[in-house]
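**Student:** Below is one structure. I have some questions about it.
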Amino acid sequence: MDALTRRFDADGHAERIRTQGYTVIEDFMDAATLAEVREMLAPYLGSHAGRNDFEGFKTERVYTLVARGKVFERLTEEPRLMALLDRFLQPGYLLTASQAICIYPGETAQGIHTDDGFYRQPRPRPAISYTMIAAVDAFTVENGATQVIPGSHLWGDPGAPERPSDPAEMEKMLVSMEMPAGAALVFPGTLLHQGGANRSQAPRLAFTNQYCEPWGRTQENFYLGIPREQVREMTPKLKQLLGYDIWPPFMGQVTASHPSKALEPGWIPPVVAQRPS
């Protein structure tokens, strides 16, 4: 454990999440890491324009970011982030989404939403996933900083007495998360938020990783999205985050075997190996 991790007050950050619904790790990335992120991401930018108003027609996304460079592997299992998530998610939690997001000038604000709304259990409830948004460019009111509604992670479903029914009233409650390049915003999937409008003259680059309970279905299917040969070279922790592990007693098994066996060179699926000749 390095000095930065030892000094990290995970309990203090966790308390801020419980009370206000979010926290910011100001020094999540140093200057060298930011430079590496930009270098590794540059070849992929220009490949995926938004396809709808939610993705953003003037927003670019690079999916399966965890597999796009070693720096993204390291940041996915960043020790301070893991220590914070350990306070909320059950052991064996998974990476559910990993993507870069570049908001270009002229982009409008996203609609207010939550990140784990596709898990349909009624609210209020504990979050089933947690989101980390890392600022590669500084977040400002003008360039599309993420906007959050503090305390909304504790609200019930639409119609609950504490939840405004008027969308305009909810918009008045939004707070722009201005933060420097290198900082990371962390919040539960139950927090209402949106990407802000970019009214500046420059793009705003960030990336996000989301993590979910070990029993939850992930947004991205990393088994199909990342070649097994590449996963084989990753750390044990990252393999676990991608799902190559068992959540006791047997969730994730592969024909009654541990899923890590599927990463062994020459592995043949049992349904093929045991097929009658």
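Table: residues versus (1) within 22 Å of ALA42 (Cβ to Cβ); (2) open to solvent by less than 40 Å² (accessible area, probe 1.4 Å); (3) in contact with a His (Cβ under 7 Å, 6 or more places away or on another chain).
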{"position": "ILE103", "(1), (2), (3)": "yes, yes, no"}
{"position": "GLU107", "(1), (2), (3)": "yes, yes, no"}
{"position": "ASP116", "(1), (2), (3)": "no, yes, no"}
{"position": "GLN121", "(1), (2), (3)": "no, no, no"}
{"position": "ILE128", "(1), (2), (3)": "no, yes, no"}
{"position": "ILE133", "(1), (2), (3)": "yes, yes, no"}
{"position": "VAL141", "(1), (2), (3)": "no, no, no"}
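**Student:** Against the definition (within 30 Å of GLU39 (Cβ to Cβ) and either out of contact with any His (no Cβ under 8 Å at 6 or more places or on another chain) or surrounded by fewer than 19 Cβ atoms within 10 Å (Cβ to Cβ) (or both)), how does PHE250 come out, yes or no? Spell out the reasoning first.
**Tutor:** Working: within 30 Å of GLU39 (Cβ to Cβ): no; either out of contact with any His (no Cβ under 8 Å at 6 or more places or on another chain) or surrounded by fewer than 19 Cβ atoms within 10 Å (Cβ to Cβ) (or both): yes.
Answer is no for this residue.
**Student:** What pairs can you find where one residue is in the range 103-129 and more than 20 Å from ALA14 (Cα to Cα), the other is open to solvent by 80 Å² or more (accessible area, probe 1.4 Å), and their Cβ atoms are less than 6 Å apart, with a gap of 6+ or different chains?
**Tutor:** TYR104/LYS58; PRO105/GLN201; GLY106/LYS58; GLU107/LYS58
**Student:** Mind checking whether some residue in the range 162-171 is crowded, with 16+ Cβ neighbours inside 10 Å and in contact with a Gly (Cβ under 9 Å, 6 or more places away or on another chain)?
**Tutor:** yes
**Student:** Here's a follow-up. Would you tally the residues in the range 144-196 being under 18 Å from PHE28 (Cβ atoms) and acidic (Asp, Glu)?
**Tutor:** Selection size over the range 144-196: 1.
**Student:** Same structure, new question: Any idea which residue in the range 35-92 is nearest to GLN110 (Cα to Cα), counting only those that are among the aliphatic types (A, V, I, L, M) and free of Cβ contacts under 8 Å to residues at least 12 places away in the same chain? Explain how you work it out, then say what you get.
**Tutor:** Let us first name the residues in the range 35-92 that are among the aliphatic types (A, V, I, L, M), namely 35, 37, 40-42, 45, 49, 62, 65-67, 71, 75, 81-85, 89.
If we keep only those that are free of Cβ contacts under 8 Å to residues at least 12 places away in the same chain as well, we get 35, 42, 49.
Working: ALA35: 28, ALA42: 24, ALA49: 15 Å.
So the residue we want is ALA49.
**Student:** Determine which member of the set LEU94, LEU45 is touching a Cys at 6+ places or on another chain (Cβ under 7 Å) and surrounded by fewer than 21 Cβ atoms within 10 Å (Cβ to Cβ). Give the derivation first.
**Tutor:** Details: LEU94 fails: surrounded by fewer than 21 Cβ atoms within 10 Å (Cβ to Cβ).
Answer to the selection: LEU45.
**Student:** For the range 46-65, give me each residue that is modelled with pLDDT of 75 or more and either aromatic (Phe, Trp, Tyr) or on the phi > 0 side of the Ramachandran plot (or both). Show your work before the answer.
**Tutor:** Filtering the range 46-65 down to residues modelled with pLDDT of 75 or more leaves 46, 51, 57-65.
Within the range 46-65, GLY46, PHE57, TYR63, THR64 qualify.
**Student:** How many residues does the range 225-243 contain that are in a loop (DSSP other than H, G, I, E, B) and open to solvent by 20 Å² or more (accessible area, probe 1.4 Å)?
**Tutor:** Taking the range 225-243 and keeping what is in a loop (DSSP other than H, G, I, E, B), we get 226-227, 233-235, 242-243.
Imposing the further condition that a residue be open to solvent by 20 Å² or more (accessible area, probe 1.4 Å) reduces the set to 227, 233, 235.
Within the range 225-243, residues that are in a loop (DSSP other than H, G, I, E, B) and open to solvent by 20 Å² or more (accessible area, probe 1.4 Å) number 3.
**Student:** Let me ask another. Looking at ASP2, ASP86, ASP11, ASP27, which is the one that is over 14 Å from the mean Cα position of the chain (by Cα), among the acidic types (Asp, Glu) and more than 29 Å from TYR244 (Cα to Cα)? Steps first, answer last, please.
**Tutor:** On the way: ASP2 fails: more than 29 Å from TYR244 (Cα to Cα); ASP86 fails: more than 29 Å from TYR244 (Cα to Cα); ASP11 fails: more than 29 Å from TYR244 (Cα to Cα).
Among ASP2, ASP86, ASP11, ASP27, only ASP27 is over 14 Å from the mean Cα position of the chain (by Cα), among the acidic types (Asp, Glu) and more than 29 Å from TYR244 (Cα to Cα).
**Student:** With the structure loaded, tell me whether ALA273 is open to solvent by 60 Å² or more (accessible area, probe 1.4 Å) and on the phi > 0 side of the Ramachandran plot or whether it fails that test.
**Tutor:** no
**Student:** Oh, and also: Take HIS153 and decide whether it is in contact (Cβ under 8 Å) with a residue 40 or more places away in the chain, buried (at least 17 other Cβ atoms within 10 Å of the Cβ) and closer than 30 Å to GLU77 by Cβ.
**Tutor:** Yes; evaluated as a whole, the condition is true for this residue.
The values are calculated or read from the model by the stated rules, or taken from the named source; none is laboratory data. From a predicted model like this one, the values you see are computed outputs, not experimental measurements. FYI the Cβ positions are ideal-geometry reconstructions off the backbone, even for glycines, and counts take in every protein chain you see. The area values use the complete protein model at the heavy-atom level, side chains included, leaving out ligands, DNA and RNA. Shrake-Rupley method; radii C 1.70, N 1.55, O 1.52, S 1.80 Å.
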